[in-house]
Amino acid sequence: MADTWKVCSVCRKSIAFGQLYYACNVSTCNRKRTALYFCSMECWDAHLPEARHREAWAEEKTAPAS
Ligand SMILES: [Zn+2]
Ligand SMILES: [Zn+2]
């Protein structure tokens, strides 16, 4: 898809430019090279058991405009 900005780190669905997405607040999940992107709260929830964060929340973000 031409307007794909990133793909969801969990379900691999595309996140389009300008679309709302979720990011993990934990710094290790936001390193430039390995940053994680989630298309929905459900996908962020799926990330939690694997990541074993002690305290974490999802940050609502907007993908940059194309
Ligand atoms: Zn997803
Ligand atoms: Zn995380």
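No lab work stands behind these numbers, since they all come straight from the coordinates. This structure is a prediction, so every number in the text was calculated from the model and none was measured. Every residue, glycine as well, gets a Cβ built from its backbone with ideal geometry; the counts of neighbours run over all protein chains shown.
Out of all the residues in the stretch 7-31, which are farther than 17 Å from Thr62 by Cα and of a type in the set (D, E, K, R)? Result: Arg12, Arg31.
Exactly one residue out of Tyr37, Tyr22 is hydroxyl-bearing (Ser, Thr, Tyr) and in contact with a helix residue (DSSP H, G or I) (Cβ under 6 Å, 6 or more places away or on another chain): that is Tyr22. Under 9 Å between Cβ atoms, at least 6 apart or on separate chains: pull out the pairs that start in the stretch 38-66 with a residue that is outside any strand (DSSP E or B) and end on any residue that is away from ligand 1 (no atom under 14 Å from the Cβ) and among the charged types (D, E, K, R). Going by the 9 Å Cβ cut-off, the qualifying pairs are Ser66/Asp3. Under the condition of being over 20 Å from Pro64 (Cβ atoms) and either of a type in the set (Val, Ile, Thr) or surrounded by 15 or more Cβ atoms within 10 Å (Cβ to Cβ) (or both), the residues counted in the stretch 18-42 number 2. Somewhere in the stretch 42-53, is a residue basic (Lys, Arg) and either touching a Pro at 6+ places or on another chain (Cβ under 8 Å) or within 11 Å of ligand 2 (Cβ to nearest atom) (or both)? So far as the stretch 42-53 goes, yes, one or more of its residues are basic (Lys, Arg) and either touching a Pro at 6+ places or on another chain (Cβ under 8 Å) or within 11 Å of ligand 2 (Cβ to nearest atom) (or both).
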